[in-house]
Each structure stands twice: as structure tokens, then as C-alpha cells.
Ligand SMILES: Cc1cc2nc3c(=O)[nH]c(=O)nc-3n(C[C@H](O)[C@H](O)[C@H](O)COP(=O)(O)OP(=O)(O)OC[C@H]3O[C@@H](n4cnc5c(N)ncnc54)[C@H](O)[C@@H]3O)c2cc1C
Ligand code: FES
């Protein structure tokens, strides 16, 4: 940027100097027109410089609104969904177009939060279908299991401090969790808590495209206070004959009425699915807390649902922790030697650690991280030697010769450049 502005400033100063010269010197008309021509040439050069700068910026965001790296977005509107969750509408700060996405995908955000020593990177799923000129996300304040501990930093900031007009840095939509639009099989969406966001994007897409595909959403919330998108989902399920919504409350409040606010008390179970569905010839989409994801995944496999028809999204490290790794040969893992280039000695892989990132942190090595779920790429680190393995079924968008340390475990001896 500095490089492109310097010649521009040079031309601007040169043009100003010529104009001053003209005003001070009382020249003849011929001299004046000669100087004027020079001034115009300089002005033309200045205009070209300005255009060149504009072209540079246009290239960074192509004609379809695609971009690389982070782009500045402005908070356009904020809507409170529940006590703990808020929806944020975002418009590009440069007012150019935005790129489309597939229903269910997410975006990576960088938030500058007062009091934090560095920007915090987090992923949020898009909570509307594609087709608008702005993006929509919905963020729930993350409360930790220990009630004494402070709630999540970014989710609290978004819910309590973010204002219309604020600016955030955002990467383009991405991710492997999205509605398979090539299929006509009924889509069974199994959502727990804030895991509803990608499902709402899928449902919104079905509504907007007037698709006749059957969609069955089974949505587990604690109770009506925690029931995000309650009115929207009620409305679409009443209006659109191929969309069915079954609300399951684990802790209904005294005022929550079965048959009105919710359909089933308790938890989402495979028995419930077997009651609701005529057979298992469906596609299953899972997003929610880790125990729910783990239980549903196991039950669906036991119900003979092929792996190829189960799609899931982990929202955080805990969800990843419980899934199997790609290698069944876990017995070999504890003996693996891990060499970090900043350490003189190699370390024996500690199977109490869930990932190479955790092992690095346990040994005082700092690797930048964001989502800690294999989605944002912040923890990508060069793998100088050896192989790593990832949780099964996870597609990892890592550059060649690198690894996502937040979800990688060593598959034999490894060396990492950190
Ligand atoms: C692909 C993807 C999509 C997501 N979409 C949404 C969404 O639509 N809406 C939404 O509200 N959130 C979503 N999340 C979760 C979100 O990115 C953050 O993890 C969440 O908001 C908590 O961040 P925080 O800064 O508030 O908490 P932090 O301050 O980071 O919380 C601190 C502690 O909680 C742990 N932690 C962080 N996140 C989780 C988690 N999800 N589960 C268990 N432990 C965790 C951390 O390891 C840390 O120990 C998504 C995550 C991913 C990876
Ligand atoms: S921290 Fe996001 S991919 Fe590892």
C-alpha cells in the first residue's frame, strides 16, 4: 500500500508545484498554455495512478465477490434471538459484492476485543441460506461447565458489546458441512443447542429455492428460553408441507407446554428417530454438543446407516476429542517421538494430549490457534518429517507439507517446524 501511494503523492506534489508556478510567474499565454498542457499531462498521470490503485483493490475481490485472507465487514444489524444468543448481519466495508456459499458452511472471524493481547480467531456458521447481499451469523454465549469460570470471550463480546457499525475481519465462507443438493433423499437434520445454525441455513435454502425435498429437523434445546429461531422454524414448518420440525426439550420450564412449545421431553435418541422415520434411507446431518454427536453417530451406524450418509460438524475441541482417529493402530501412538525444532530434545507422545497443539502447549511452545477444531487454519504448522493422523471422517484443508496441529496426532515419529 505504502509502495503504491508514494509515486501517487509524487505526482500530486508535482501537479501542485506546476499550478503554483503558473499563478506566481505572470507568464505569456503561450507559456501559460504550455505549462497548462504539462499540468494536464501530470493530472492525467495522477488519474492513471489513482486508477491503478483502484484496479489493485478490485483484483483482491473478484467479480463474484470472492476474496483471499481477511476482508473488513461492517455490522449492519443486530437481533436478539434468546437471552444468550444474538444474530449479526454483516455487510462488506468496501460495498462490493459478496461471494455465495453452500447452506451449512461457516466463516472465520478475527475479533479485536479490548483487553485481549491479540485478535481472537473464531468460526461461525452462516445462519441463513445463500442469496442475500449480506451475511448472517448467530452466536450463543458459551458458558463453561464450571459455573465459576468466565464465559467464552468472543461469544460474550458479540452478545454484550458488539454494536451496529463495528468492523470485523472475515474470511470467505468455507467448510465441508453443507446440504448435499444433488440428493433427493430426505434430509434429517439433528441439531443440539447452537448447532441449529447450519441447519437453519439449509432449511432457509430449501424454502428460498422452493425445493420439494423432505426435511425433518429434530432440534434439542434445554427449554423455551434456549430455543433459538423458535418463531422462524414454527412458521416454516406450518407453511411448507415438506418441512417438519420436532422440538425436544431436556429441561422444560413450568410454562413450557408439550404440543405447543415442544413435542418431546428428554433427549434426541435413536428410538425417537425410528419412531419418526419410516426407514433409514435418509441423509443425516449432525451438529451439537459432543456427547450428543458421539451418541448419535454411534447409534446411526448401529442402525446400519452407511458412513457416506452421515455428515457432521464439530463446533469446538470437545466435539473432536471423542471421535476416532484415522488409524486404528492407536497402540503405536504413545511411543511416537515428537521433535519441535525450537526444542533440543524430542518428546515422547503423551496420549493424555488430544493433539500436537496440546502437546506443544504442555511443553511451553506457542502455536497460534483459533477454532481448535480443524476449521480456521490458524494452527497450521510445517511438518518437516513423518506423518500425522486426523479424526476419522474429517476433511482437512491443509497446505502440502503442513498440518493442523489442533486436531493432528503423530502417526509415528514426527518433526514440526515450530
Ligand atoms: C465450524 C464452526 C462453526 C461454528 N459455528 C458457531 C455458531 O454458528 N454459533 C456459535 O455460537 N458458535 C459457533 N462455533 C463455536 C465458536 O467458534 C466458538 O468456539 C464459541 O463461540 C466460543 O468461543 P469463545 O471465544 O466465546 O470461547 P473461549 O473464550 O474460546 O472459550 C474458552 C474455553 O472453551 C473451550 N471451547 C471453545 N469453544 C468450545 C466449544 N464449542 N465446545 C467446547 N469447548 C469450547 C476452549 O477450548 C477454551 O478452553 C463454531 C465453531 C466452529 C469450529
Ligand atoms: S486452530 Fe483452527 S484449524 Fe487449528
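Tell me, 176, 227 in order of fewest to most beta-carbon neighbours within 10 Å?
Exposure proxy ranking, most exposed first: 176, 227.
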inquiry  = What FRET efficiency comes out for residue 238 versus residue 166 if R0 is 41 angstrom and r is the Cβ-Cβ distance? Round to the nearest 0.05.
reply    = 0.70
query = How do 352-361, 383-392 rank on mean C-beta neighbours within 10 Å, highest first?
reply = 352-361, 383-392
task = Please give the FRET efficiency for residue 353 paired with residue 263, using the beta carbon to beta carbon distance and R0 = 56 Å, rounded to the nearest 0.05.
result = 0.85
ask   = Which of the peptides 148-156, 251-259 is most tightly packed, and how do the rest follow, going by the mean number of other Cβ atoms within 10 Å of each residue?
value = 148-156, 251-259
inquiry  = When a/c reaches 1.5 or more, the comparison of a/b and b/c decides; with that in mind, is the stretch 351-418 rounded, prolate or oblate per its Cα gyration tensor?
reply    = rounded
inquiry  = Just to be sure I understand the model, the point goes 7 Å from the Cα along the line to the Cβ. What's the resulting residue 363 to residue 214 distance in nm?
reply    = 5.4 nm
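Hey, what did the stretch 187-315 get for relative contact order, percent, Cα under 8 Å, at least 6 apart?
On the way: 197 pairs, mean separation 35.8, N = 129.
Reported as a whole number, the value is 28 percent.
Just check the stretch 160-315 against the gyration tensor rule for me: Cα atoms, a ≥ b ≥ c as the square roots of the eigenvalues, rounded for a/c under 1.5, and otherwise prolate or oblate depending on whether a/b exceeds b/c. Don't skip to the answer; put the middle values down first.
Details: a/c = 1.37, a/b = 1.11, b/c = 1.24.
Here the stretch 160-315 falls in the rounded category.
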request  = Can you tell me which of 72-83, 185-196 comes out highest on packing, and rank the rest after it, using the mean Cβ neighbours within 10 Å?
outcome  = 185-196, 72-83
task = With a cut-off of 20 Å, note down the residues of the stretch 192-206 whose backbone N falls inside the zone around a label point 7 Å from the Cα of residue 275 toward its beta carbon.
result = 192-193
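Using DSSP, restrict attention to beta bridges with both residues in the stretch 330-416 and report what percent are antiparallel, rounded to the nearest 5. List each step's numbers first, then the result.
Details: 9 of 12 bridges.
Approximately 75 percent, going by the DSSP bridge assignments.
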ask   = Where the centre of each part is set by its Cα atoms, how far does the stretch 140-200 sit from the stretch 85-107, in angstrom?
value = 13 Å
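Bear in mind these aren't lab numbers, they're just calculated from the coordinates by the rules spelled out. Please read these numbers as outputs of a predicted model, since none were measured by experiment. Counting neighbours? That spans all protein chains shown, and the Cβs are built from the backbone with ideal geometry, glycine included.
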